[in-house]
Each structure stands twice: as C-alpha cells, then as structure tokens.
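For reference, the structure discussed in these notes is given below.
The values are calculated or read from the model by the stated rules, or taken from the named source; none is laboratory data. Nothing here was measured: the structure is a model prediction, and the numbers come from that model. Neighbour counts are summed over all protein chains in view; Cβ atoms, including those assigned to glycine, are modelled from backbone coordinates with ideal geometry.
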Amino acid sequence: MQPDLTSLCTRMHTEVDTEANASHQDVIDDILGRLEKATFFFENQFGNINLDGVVGYIILQAELRESVRIWPQADLASQLSTAKNLAKRLDHSITQAVNALQKTDPKYYREFEPLLDTSFWTVPRGWDTSDPALAYTAFRMMECYDEQLSDKCITLLLGTWKDNGTPCIVTKSCRDTMTRFGCPHYSLSHQLLYFMVGKMRGCSNILEGERRESRASMTDGDYQKMFCSNMMRSNTEFVRKGFPGQTRDIFIENIMLCGLAGFSDFYKSDWLRHILLWQDPVVGCFGKDEKDIAQVFGEEQAENEQVHKRVKRREKTLSDGCSSHMTGVAVSALGGHLNYCLTEQDITKRPLT
C-alpha cells in the first residue's frame, strides 16, 4: 500500500516543529536564566556601573519590551512571565542608575543623555546577513582613531555637543573617519555605532558631501553591511585563534551591535555558548577573568597577535573584578539573541512550501 504523502509530510512537519520548538525553548530558558543573574548584579551595582554599561542594560530593556510584544501568546507562558518580570525590575534599576550617572559623571551624562532613553533604541523587525565578499583584503595595523574623537562625532549627531545644540551635524573629519575602510576592532565597531546612532536620531545627511566617485552610490545601509561583514570576519578569526589576548569584549560587542543592526548571522548558537560560559556564575557579571587571560598571553604575544586593546577611558573594573563595558554589551547581546529566537519561533510555525 502506497504511503499517504500528505500525512507523511504533515507528520514530518510536526516532528520538525516539535524539535525546533524544544530547541528554542531550551535556548530561551538559558538566556532568561542568565539575564536574571545579570539583572540581580545590576540591581546591586547600579550606582557603580559606568555609562557604557548602563546603556547596555537600556538596550536590553528595549529588546525585552520587543520580545514581550511579539511573544507567541499560546506558548512559553512561564518564560513570558519571566521576561515581563525582568523588564519591570529593569525599569526601576535603570531609573536609579541614570540618576546616579547624572551625579557622578554629569558632563558625560549630558553629552550622551539621549542614549539613556529606552525609546531611542530601535530593535530590528526584519533581518539581513553579512556578506563575505565585502571583507577587506587586510585590516590596518593600528586603530584608526581614539574613543575621544568617536564621542565628539556622536555628540554632533545627537545635538549634545553644546547646550541646545543643533543635531545631525556631520563634519568632514567625522565623515572621512567614520567611512574609512580597513579599520580594525573598536574603530570598526564605533564606525558602525556612528551610523546606527545617526539613523536612530533621524539624521539623513551623514553621506552628504562625499566626493569619492567609487562610493557615490553607497547608502548608510551599505556602510553598515560593509562594517558588519568585516566584524563577522574578525569574530570568526577570534574563534579560530581561541580568543587571543583581551578579545572577548570586542567579540561580544560585535555581536551586540550587528545583531541590533539586523544581521541575524551574528546570532550563532556556538557564539551564544561562548558568551554564556563567560558569565560569572555567582555574581552574574562578565569580564572577571579578562585580566588573567592577558597575563597568560603576555604583552609581547598580544602585540604579535595584533590584538588592539580598547582605549578604556571610561571603562570601570568594579570591586569584584567585573567589567562594566563587557557586562553591558553581553546583556544586550543576550537580549538581542532572545528577540531573534522569538522571531524564529514564529517562522517554525509557518507551513512548508
């Protein structure tokens, strides 16, 4: 007797759905469990975490709100309750953290105040992937600029470069620096951040005045794809080399930023496992063992490996050894992965074509 192909396909589809949903549930459970620990850490340390770290939790809050909005209402009821509870807890802690920043670092607070509002951050609702063909033939040996210049260019976009400043100002220096090809590591991620902030602020003039004929047709989206394609190359190299020197921080930052920019291929399951392994299981923060790793590799080997360390003007190692910056980028990377998992959860319910 010939098998009923319709019932066979239906059964296969049901089995695929069941396996996919179980896998998604496990991942969502893992992420929410770790975010609970990281939120507990934030509740206890909000007054000591610097602005970069607080912004990471604010992006997480935006991602949690979007996750709750799109949550499959019939499924994962207990996980949905956990996500709602985390968002509620963060509302309170973020308010306290922002108030503390206003007192402890008023100048930096004023310059980046727009980034401290959850509504500033746009969470992707559609997805793209990076393109290996856009990878540079080689990265520059040194970072292209320092964090101070990056900060200045971003405040010109935000309009916080002075009291009641005009927003969306793009100087030739900023445009040339932020569109320079071949920049490595933190210069590369800050180039992407510059374009992301410009888009979220509503600036449409970043590329005006571009005189290079070879780039005449490039849009801000093209630059974001170029940067994330090269951040993908960097992350792949970090994994291949076993994360030499202090590269965990930039590895997670690349995932956080490109995921937030809508590049779904940064949400790899093995990359997620790396991030989860790097969380302190007791305290809930990230970055406690970065210093130990650097000592193992040594400064000379770090130079040989061309590891470009972040200029941590405002990085803050807390009393328990945790890194403000790495914790902030890690929680927002996890929040982005959660949001992506939920969009995939929806995809698995669509009929086979």
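For every residue, the table says whether it meets (1) among the hydrophobic types (A, V, I, L, M, F, W, C); (2) out of contact with any helix residue (DSSP H, G or I) (no Cβ under 9 Å at 6 or more places or on another chain).
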site: 90; (1), (2): yes, no
site: 94; (1), (2): yes, no
site: 113; (1), (2): no, no
site: 130; (1), (2): no, no
site: 137; (1), (2): no, yes
site: 145; (1), (2): no, no
site: 184; (1), (2): no, no
site: 191; (1), (2): no, no
site: 195; (1), (2): yes, no
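If you go through the stretch 122-150 and pick out every residue that is surrounded by fewer than 17 Cβ atoms within 10 Å (Cβ to Cβ) and not in a loop (DSSP other than H, G, I, E, B), you end up with 6. Sub-9 Å Cβ pairs linking a first residue in the stretch 131-150 that is under 18 Å from residue 172 (Cα atoms) to a second residue that is of a type in the set (Lys, Arg), at least 6 apart or interchain, are 144/180; 145/180; 146/313; 147/310; 147/312; 147/313; 147/314; 148/313, ordered by first then second residue. Screening residue 251 with (1) farther than 22 Å from residue 122 by Cβ; (2) at pLDDT below 95 gives one miss only, at (2). Is the stretch 190-203 home to any residue that is surrounded by fewer than 15 Cβ atoms within 10 Å (Cβ to Cβ), out of contact with any Ser or Thr (no Cβ under 9 Å at 6 or more places or on another chain) and either at pLDDT below 95 or farther than 17 Å from residue 148 by Cα (or both)? Looking through the stretch 190-203, at least one residue is surrounded by fewer than 15 Cβ atoms within 10 Å (Cβ to Cβ), out of contact with any Ser or Thr (no Cβ under 9 Å at 6 or more places or on another chain) and either at pLDDT below 95 or farther than 17 Å from residue 148 by Cα (or both). Residue count for the stretch 26-65 under the criterion of being surrounded by 19 or more Cβ atoms within 10 Å (Cβ to Cβ), farther than 18 Å from residue 326 by Cβ and at pLDDT 95 or above: the result is 5. Considering every residue within the stretch 210-223, establish whether at least one is crowded, with 18+ Cβ neighbours inside 10 Å and among the small types (Gly, Ala, Ser). Checking the stretch 210-223: not a single residue is crowded, with 18+ Cβ neighbours inside 10 Å and among the small types (Gly, Ala, Ser).
So which of 239, 283 is at pLDDT 90 or above, over 16 Å from the mean Cα position of the chain (by Cα) and not in a helix (DSSP H, G or I)? Step through it out loud before you land on a result.
On the way: 239 fails: not in a helix (DSSP H, G or I).
Every option except 283 fails the conditions.
For the stretch 242-280, residues that are in a loop (DSSP other than H, G, I, E, B), without any contact (Cβ under 8 Å) to a residue 40 or more places away in the chain and closer than 28 Å to residue 220 by Cβ total 1. Only one of the numbered conditions (1) surrounded by 15 or more Cβ atoms within 10 Å (Cβ to Cβ); (2) modelled with pLDDT of 95 or more; (3) part of a helix (DSSP H, G or I) is not met by residue 169, and that is (3). Within the stretch 225-267, the set of residues being surrounded by fewer than 23 Cβ atoms within 10 Å (Cβ to Cβ) and among the hydroxyl-bearing types (Ser, Thr, Tyr) comprises 229, 234, 236, 264, 267.
Restricting 130, 150 to residues that are closer than 24 Å to residue 266 by Cβ, small (Gly, Ala, Ser) and modelled with pLDDT of 95 or more narrows the list to 130. Do the conditions hold for residue 232, that is, is it touching a residue at least 12 places away in the same chain (Cβ under 8 Å), over 27 Å from residue 323 (Cα atoms) and under 19 Å from the mean Cα position of the chain (by Cα)? No.
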